[in-house]
Amino acid sequence: MPALRVALGLVFLGFGVLKFFPGASPAEHFVRRTVEALTFGLVDGTAAVVLTAVVETAVGLALLTGRALRAGLLVLAVTLAGVLSPVALFPGDLFGDGMTLMGQYVLKDVVLVAAAGVVAAATLGARFTLAAAEPARAPAA
């Protein structure tokens, strides 16, 4: 479980830090459009990228260090909803004439959602056991 938490933290830290440098993130344009759409234009493009950089970096650090992990996971849940929202907001840009590179970028986030769910479950006290993973068997007669 720690390896999954750290790997997820590295991904978010890496993507977040890139957004602090204009033009370094391949998702910068999509972040601008998505946040502007989600906030009905209240947050402009540059502020959207900086805000996203701060949030992703903070989530990455929480996951890496384990400090403020519950708060980081709550912020991560909200972040992941925003990360996946282009599927509903801009489907033509993602899957117009086949899957675009940006579509692949957003689709890989499904894996991040699954990993975040496992990390969150473990953090909140779920116990993963072999018995829970085995299929139910009929009692012997």
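The values are calculated or read from the model by the stated rules, or taken from the named source; none is laboratory data. Because the structure is predicted, anything quoted here is derived from the model rather than measured. Positions of Cβ are backbone-derived with ideal geometry, glycine not excepted, and every protein chain shown enters the neighbour counts. The protein model used for the area step is the full one, side chains on, heavy atoms only, and it has no ligands, DNA or RNA in it. Shrake-Rupley method; radii C 1.70, N 1.55, O 1.52, S 1.80 Å.
Structure above, values below:
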| read-out | value |
| --- | --- |
| Per residue value of the accessible surface for the stretch 1-67 (all protein chains in place, 1.4 Å probe), Å² | 53 |
| Percent accessible area from carbon and sulfur atoms, the chain, protein chains only, probe 1.4 Å | 71 |
| Nearest-0.05 FRET efficiency for M1 and E36, computed from C-beta distance (R0 25 Å) | 0.10 |
| Estimated FRET transfer efficiency (V111, L89; beta-carbon r; R0 25 Å; 0.05) | 0.75 |
| Accessible surface, 1.4 Å probe, highest first, among residues E36, E28 | E36, E28 |
| Between 0 and 90°, nearest 10: helix 45-65 axis offset from the chain longest Cα axis | 30 |
| Mean-position separation - Cα centroids, the stretch 1-56 and the stretch 62-116, in angstrom | 10 |
| Net charge of neighbours whose Cβ lies under 12 Å from the Cβ of P22, counting Lys and Arg as +1 and Asp and Glu as -1 | +1 |
| Cα→Cβ-extended label distance, 7 Å offset, between V17 and L74, nm | 2.8 |
| Value of relative contact order over the chain, rounded to a whole percent, pairs C-alpha under 8 Å and six or more apart | 25 |
| Answer label, with semi-axes √(5λ) of the Cα gyration tensor in Å calculated from the coordinates and candidates [x] 25, 15, 15; [y] 32, 20, 12; [z] 21, 20, 15 | [y] |
